[in-house]
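Chemist: Pasting in a structure now, in structure tokens, and then I'll have a few things to ask.
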Amino acid sequence: MTNPQAEPYDLFVIGGGINGAAIACAAAGRGLAVALADARDFGFGTSSRSSKLIHGGLRYLETYDFRLVRHALQEREILMARTPHLVWPIRLVLPHVPALRPRWMIRLGLFLYDHLASRKTLPGSEMIRLHGHAFGAPLKEDYEFAFAYSDCRGDDARLVIANLLGAQAFGATILPRQKVTAAQRADGKWRITLEDAASGETREVTARALVNAAGPWVDHVAGTLAGVITHRRMRLVRGSHIVVPRLWAGEQGYFLQTTDNRTMEMFPYEDDFTSIGTTDTPWERPPEEVDVSPDEIDYMLAQVNNYLKTPVRRADIRWAYAGVRPLFEVGGGRDSDLTTLTRDYAFEIDNQGPPALTVFGGKLTTHRRMAEDAMARLAAVFSMPAPKPEASNPLPGGAFGADGLVGFEASLARRHAWLPAPLRRRWVRNYGTRAKALIGAAGNIADLGQHFGYDLYQREVDFLMQTEWAANAEDVLWRRTKLGLRLTNEEAAKLAAYMAEQIELG
Ligand SMILES: Cc1cc2nc3c(=O)[nH]c(=O)nc-3n(C[C@H](O)[C@H](O)[C@H](O)COP(=O)(O)OP(=O)(O)OC[C@H]3O[C@@H](n4cnc5c(N)ncnc54)[C@H](O)[C@@H]3O)c2cc1C
């Protein structure tokens, strides 16, 4: 799987969330010798627990974060071209609540949102009358008007894998389940100690520069493990989501104003579900302990039920997940005041010896841009070649050619008529053009091997173990796919046993 390069590496990246993966991809795309390690599975941290919006962030206009919104809007278009299977447009409906924000204010916000960055494919915003409109169907009759506008949705955990595959294609060494336990400067290099999660064995690697992209763990990695001095004040903010059976037929999502002056979203999710989120509460405990609290569930249900004709109940919840936003403060602010926290990213470089770049904050949406900016920052202290021409190509799986994703899927349908349409669609959405390699020489369903439940077969599990670093059932069911929503506990146990056996066999 890995492609070991001669040490010292030029760059060693700590953290295989979206930020680390994107930096590894950008650096390897410049011909640097790159290694990236994550203590756990890739995307285990915040990068599989987001709202999965690739968006400018309409609500950040209220905090005058225009730079962030403009950059993020620009990235929507770029990511749709770079990973078309993992980023797709969505129409969002914002029901108007006169008591919360006046119509002129929303119109102004949407005008800016439409025009802060050029849109090539996404339609602009409009006001709609909900009564009699399909978008009004799930909503209470009290809501008469709404604003519809465009954004994108994406698959966060799969975007991490796409970036890692991109990095690997440019020669990067990708190290899952390898915890960095120490990083020290010695003899003009970084000496990094890695601990293997399975065996507990440790080893050392060397690198000319270090990148700390440990997300919510960034302070711990900088201060405790690497002895790097940083100045920004990190704040961890928990955000939770619930997933319930599909609440409406259309593909639109809803952007809802809450009674406490926040916003929440509801989206169609994995065809048969609706995802609802999110919350914002300070998180003081270790990031890996984050969980959804009963209060958050009550809050989310109450807020969406203010809008829904048919209320959602606690018993409807099929899955709940929580993540920790690694945010940092801009300007002073009270500890309880979350409005002083930006969603933008920032870097600090410590170059008292071989350089260390620490990444603060950031969004899923801006990962590519953040990585390019990180390269520019490193170039000041470190010789940095220009990107190879292929570095601007779509990431692995994303090069659909002139016929696009739809044409590619149609060609698979012609060549593999035996493959059930929902499975074909899921594979194209997840793996893009790599679905071809996944199908391989299979000529009928029996060739897909053992059936684990729903539409998960051995062939896909083997593909994920061999090409995407999956090592256990949770990696497959909750990060490489979302089939955790579909498989029973017994089916998941069967999958876990199969994967453990494969690992044992080597
Ligand atoms: C509730 C919520 C909703 C969000 N919604 C959106 C959204 O809709 N759109 C959007 O653009 N953004 C959104 N975000 C923000 C986005 O998800 C994050 O900015 C992004 O995922 C952060 O990625 P990261 O790589 O910095 O951190 P992470 O994904 O947490 O990655 C850090 C990695 O470092 C690893 N690590 C830690 N310590 C070590 C060590 N010692 N050795 C090796 N590895 C280590 C961890 O295992 C982890 O995998 C949301 C965030 C949250 C919490």
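Chemist: Could you check region 198-235 and list, in sequence order, the residues that are near the ligand (Cβ under 10 Å from one of its atoms) and either in contact (Cβ under 8 Å) with a residue 24 or more places away in the chain or among the acidic types (D, E) (or both)? Don't jump to the end; show me each part of the working.
Modeler: Filtering region 198-235 for residues near the ligand (Cβ under 10 Å from one of its atoms) gives 212-218, 220-221, 224-226.
Result: N212, A213, A214, G215, P216, W217, V218, V221, L225, A226.
Chemist: What's the total number of residues in region 27-55 that are assigned by TED's automatic domain parsing to the domain that holds G166, more than 23 Å from A214 (Cβ to Cβ) and crowded, with 24+ Cβ neighbours inside 10 Å?
Modeler: Residues meeting the conditions: 0.
Chemist: Does L58 satisfy being buried (at least 24 other Cβ atoms within 10 Å of the Cβ) and either without any contact (Cβ under 8 Å) to a residue 12 or more places away in the chain or not assigned by TED's automatic domain parsing to the domain that holds I276 (or both)?
Modeler: On the way: buried (at least 24 other Cβ atoms within 10 Å of the Cβ): no; either without any contact (Cβ under 8 Å) to a residue 12 or more places away in the chain or not assigned by TED's automatic domain parsing to the domain that holds I276 (or both): yes.
No.
Chemist: Now, a different point. For region 464-484, what are the residues that are closer than 21 Å to D271 by Cβ and without any contact (Cβ under 8 Å) to a residue 60 or more places away in the chain? Step through it out loud before you land on a result.
Modeler: Filtering region 464-484 down to residues closer than 21 Å to D271 by Cβ leaves 464, 476-484.
Within region 464-484, L464, V476, L477, T481, L483 meet the criteria.
Chemist: How about region 261-271: which of its residues are at pLDDT 95 or above and either open to solvent by 30 Å² or more (accessible area, probe 1.4 Å) or not in a strand (DSSP E or B) (or both)?
Modeler: E270, D271
Chemist: Can you name every residue in region 379-409 that is at pLDDT 95 or above and open to solvent by less than 40 Å² (accessible area, probe 1.4 Å)?
Modeler: L395, G397, G398, F400, G404, L405, G407, F408, E409
Chemist: Taking H131 as the residue in question, decide whether it is of a type outside the set (F, W, Y), at pLDDT 95 or above and open to solvent by 40 Å² or more (accessible area, probe 1.4 Å). Walk me through how you get there before you give the answer.
Modeler: Details: of a type outside the set (F, W, Y): yes; at pLDDT 95 or above: yes; open to solvent by 40 Å² or more (accessible area, probe 1.4 Å): yes.
Yes; evaluated as a whole, the condition is true for this residue.
Chemist: Please find, within region 364-378, the residue that is farthest from F66 (Cα to Cα) out of those that are in contact (Cβ under 8 Å) with a residue 24 or more places away in the chain and open to solvent by 30 Å² or more (accessible area, probe 1.4 Å).
Modeler: Step one: list which residues in region 364-378 are in contact (Cβ under 8 Å) with a residue 24 or more places away in the chain, which gives 364-375, 377-378.
Filter once more, keeping what is open to solvent by 30 Å² or more (accessible area, probe 1.4 Å): 368-369, 372-373, 377.
Values: R368: 19, R369: 16, E372: 20, D373: 18, R377: 22 Å.
Checked region 364-378; the qualifying residue farthest from F66 (Cα to Cα) is R377.
Chemist: Could you list, in sequence order, all residues of region 272-326 that are among the hydrophobic types (A, V, I, L, M, F, W, C), within 15 Å of the ligand (Cβ to nearest atom) and either surrounded by fewer than 20 Cβ atoms within 10 Å (Cβ to Cβ) or touching a residue at least 40 places away in the same chain (Cβ under 8 Å) (or both)? Steps first, please.
Modeler: In the first step, residues of region 272-326 are kept if they are among the hydrophobic types (A, V, I, L, M, F, W, C); the result is 273, 276, 283, 290, 292, 297, 300-302, 304, 308, 312, 315, 317, 319-320, 322, 324.
Remaining after also requiring within 15 Å of the ligand (Cβ to nearest atom): 276, 283, 290, 292, 297, 300, 319-320, 322, 324.
Correct list: W283, V290, V292, I297, M300, W319, A320, A322, V324.
Chemist: Which residues, taken from region 465-484, are open to solvent by less than 40 Å² (accessible area, probe 1.4 Å) and under 18 Å from the mean Cα position of the chain (by Cα)?
Modeler: Listed by number, the residues that qualify are E468, W469, A470, D475, V476, L477, R479, R480, T481, K482, L483, G484.
Chemist: Here is a check on your reading of the model: is R425 within 28 Å of V243 (Cα to Cα), open to solvent by 70 Å² or more (accessible area, probe 1.4 Å), without any contact (Cβ under 8 Å) to a residue 60 or more places away in the chain and not in a loop (DSSP other than H, G, I, E, B)?
Modeler: Working: within 28 Å of V243 (Cα to Cα): yes; open to solvent by 70 Å² or more (accessible area, probe 1.4 Å): yes; without any contact (Cβ under 8 Å) to a residue 60 or more places away in the chain: yes; not in a loop (DSSP other than H, G, I, E, B): yes.
Yes: the conditions hold for R425.
Chemist: While we're on this one: Tell me the residue from N489, N444 that is open to solvent by 60 Å² or more (accessible area, probe 1.4 Å), within 24 Å of R49 (Cβ to Cβ) and free of Cβ contacts under 8 Å to residues at least 60 places away in the same chain, please.
Modeler: Numbers: N444 fails: within 24 Å of R49 (Cβ to Cβ).
After ruling out the rest, the residue left standing is N489.
The values are calculated or read from the model by the stated rules, or taken from the named source; none is laboratory data. These numbers come from a predicted model, not from an experiment. Glycine gets a Cβ as well: all are built from the backbone with ideal geometry, and neighbour counts include every protein chain shown. Surface accessibility is based on the protein's heavy atoms, side chains included, excluding ligands, DNA and RNA. Shrake-Rupley method; radii C 1.70, N 1.55, O 1.52, S 1.80 Å.
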